[in-house]
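Enquirer: Following this message is one structure expressed as structure tokens.
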Amino acid sequence: MSPDALTVQTRTRAHWEAIDLGFALVQAHWRNLYAAWLVVILPATLLALTLAYLSNRDGKGIMYGLVLLWWLKPLYDRVLLHVMSRAVFGETVSWRGTLRAIPGLLLHSGLFRALTWRRFSPQRSFRLPTWQLEGVTGQARRRRLRALNGRGAIRLIFVCSTFETILSFGMVGLLLMLLPPESILSHLKDAFVSSFKVASYFIYLFVITIIEPFYVAAGFMLYLNQRTELEGWDIELGFRTLANRLATQQAPS
């Protein structure tokens with residue numbers, strides 16, 4: 001990962017500014033990001049609905065499907081980062097390229113840890129580039145993570161979780177506003193309860209489709225910002241620009 005090829009301006013930013021840059025990254029590359037998102041979310045949706053159907057004997061099938069959809073977020077994040085990490089270096093990844101990359105992402109990006117004992121890490125999106133892009137392992141990776149010190153990651157997950165909650169409750173509230181009068185609803189209670197459970201699944205699917213790419217992109221920008229600060233990428237690029245300018249001026253005409 002060389003700072004020379006970055007398509008974003010390399011300089012040290014405040015945490016909120018880096019997060020905002022991540023949000024702008026999603027807006028700039030949303031077509032490729034959501035194409036990659038569909039590649040992974042459609043099979044996950046099918047798997048979750050199958051689980052919901054098979055476990056629906058106790059009336060909690062949809063809840064199991066929702067939990068599975070939520071639990072697999074680290075998998076979605078890795079696919080999104082695959083596209084974003086190339087977009088900031090000027091490379092476009094098609095959905096076919098995403099499909100070809102998935103086996104490597106499943107095996108070599110720390111996915112098992114992310115789905116087990118690291119699933120509740122509040123620095124998930126900030127630490128993901130170290131696991132997925134740097135290729136360091138063991139003690140070297142642990143030292144690397146300690147050095148990066150993602151202070152802004154806690155703020156990021158708080159903001160994104162808050163937006164997820166607001167959007168979810170807002171859509172549920174809208175659904176309740178569209179219900180028929182109570183006298184009619186009383187005769188349709190069982191059908192309503194069943195339909196509401198199914199609707200809640202698709203509401204959550206819609207919410208994470210909106211929020212998760214922003215969460216991953218902002219975490220990636222926090223990571224790049226921290227590397228810029230620790231490794232002096234902005235200073236390095238400044239000296240290279242100056243050296244190239246002097247070489248041009250000194251070149252014989």
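The values are calculated or read from the model by the stated rules, or taken from the named source; none is laboratory data. Here the structure is a predicted model, which is why all the values come from computation and not from measurement. Just the protein is used for accessible areas: all its heavy atoms, side chains included, with ligands, DNA and RNA removed. Shrake-Rupley method; radii C 1.70, N 1.55, O 1.52, S 1.80 Å.
Enquirer: Taking a ≥ b ≥ c as the square roots of the Cα gyration tensor eigenvalues, with a/c under 1.5 meaning rounded and otherwise prolate when a/b beats b/c, else oblate, which class fits the stretch 45-150?
Expert: oblate
Enquirer: Now a separate question. Leaving out ligands, DNA and RNA but keeping every protein chain, what accessible area does SER109 have, in Å² rounded to the nearest 10, with a 1.4 Å probe?
Expert: Per-residue accessible area (SER109): approximately 0 Å².
Enquirer: Then there is this: Please arrange ARG78, ARG127 by accessible surface area, largest first, computed with a 1.4 Å probe and ligands excluded.
Expert: ARG127, ARG78
Enquirer: Then there's this: Which value, in Å² and to the nearest 10, is the accessible area of THR50 when all protein chains are kept and the probe is 1.4 Å?
Expert: Accessible area, nearest 10 Å²: 70 Å².
Enquirer: If DNA, RNA and ligands are ignored and the probe is 1.4 Å, what is the ranking of ASP20, ASP77 by accessible area, most exposed first?
Expert: These residues rank, largest area first, as ASP20, ASP77.
Enquirer: Here is a follow-up. Through the Karplus equation 6.51 cos²θ - 1.76 cosθ + 1.60, θ set to phi - 60°, convert the phi angles of the stretch 28-40 into ³J(HN,Hα) values in whole Hz; use x for Gly and Pro.
Expert: 6, 10, 5, 4, 5, 5, 6, 5, 5, 4, 5, 4, 9
Enquirer: I'd like the accessible area for ARG142, computed on protein heavy atoms only with a 1.4 Å probe and all protein chains in place. Round to 10 Å², please.
Expert: In the full protein context, ARG142 sits at about 120 Å².
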